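For reference, the structure discussed in these notes is given below.
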Amino acid sequence: GDSLTIGVETSPYSFTWSPTVGLDNANTPNPIFFDTVSRSYQIDVEDVTTGCKGSDSVTVIVNNLPQLSASTSRVSLCANASIQLAVNAETGLQFSWFPTAHLSDSTSQSSIFSSDTAGVFAYVVTATNFHGCINSATIKVDNFEVPNGVLTEVSGAGNKTKGDEVYVSGKL
């Protein structure tokens, strides 16, 4: 997914790169490589003043992004409860969750979310492999408010139909 400038910054010589695939300009001293697979390039260099020629080669290695996916993109729970947020990933990765608020562990593949604050929270977990390549996934948490209210005294005598009388008394 990245691009990379290869070659030299400036040069009085003419350059020809081959193959041309994966390069933005095959006739510049410093083309931009933007391909998704590793490639080797042959570089032919000529001093147009003297006619002297030379050649060299360079190999650009493309490393894969870490395999990472959220087990679910959105979870719901009631405030004061907890839920595990987890991602599916290959082994050997380093993890980082952001933000870290309300999480039990911000550096593991899974973390427990728990908060008594209602709201929608969005967490981004990034995974880094040994090449330094980074991939990320997002999980949203709907943390619903727990009903809270004062219950007052209630009483009543139902519908007063003989045999079906109901009476309610007490505080809710």
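The values are calculated or read from the model by the stated rules, or taken from the named source; none is laboratory data. The shown structure was predicted, so the numbers you read here are calculated from the model rather than taken from an experiment. Remember, those area values only see protein heavy atoms, side chains included, never the ligands or the DNA or RNA. Shrake-Rupley method; radii C 1.70, N 1.55, O 1.52, S 1.80 Å.
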The Cα extents of the chain along the principal axes, largest first and rounded to whole Å, are 116, 29, 25
To the nearest Å², the heavy-atom accessible area per residue of the chain with 1.4 Å probe amounts to 65 Å²
Share of accessible surface on carbon and sulfur in region 22-155, whole %, 1.4 Å probe and ligands ignored, is 49 percent
Here the relative contact order (percent) of region 51-141, from C-alpha pairs under 8 Å and at least 6 apart, is 34 percent
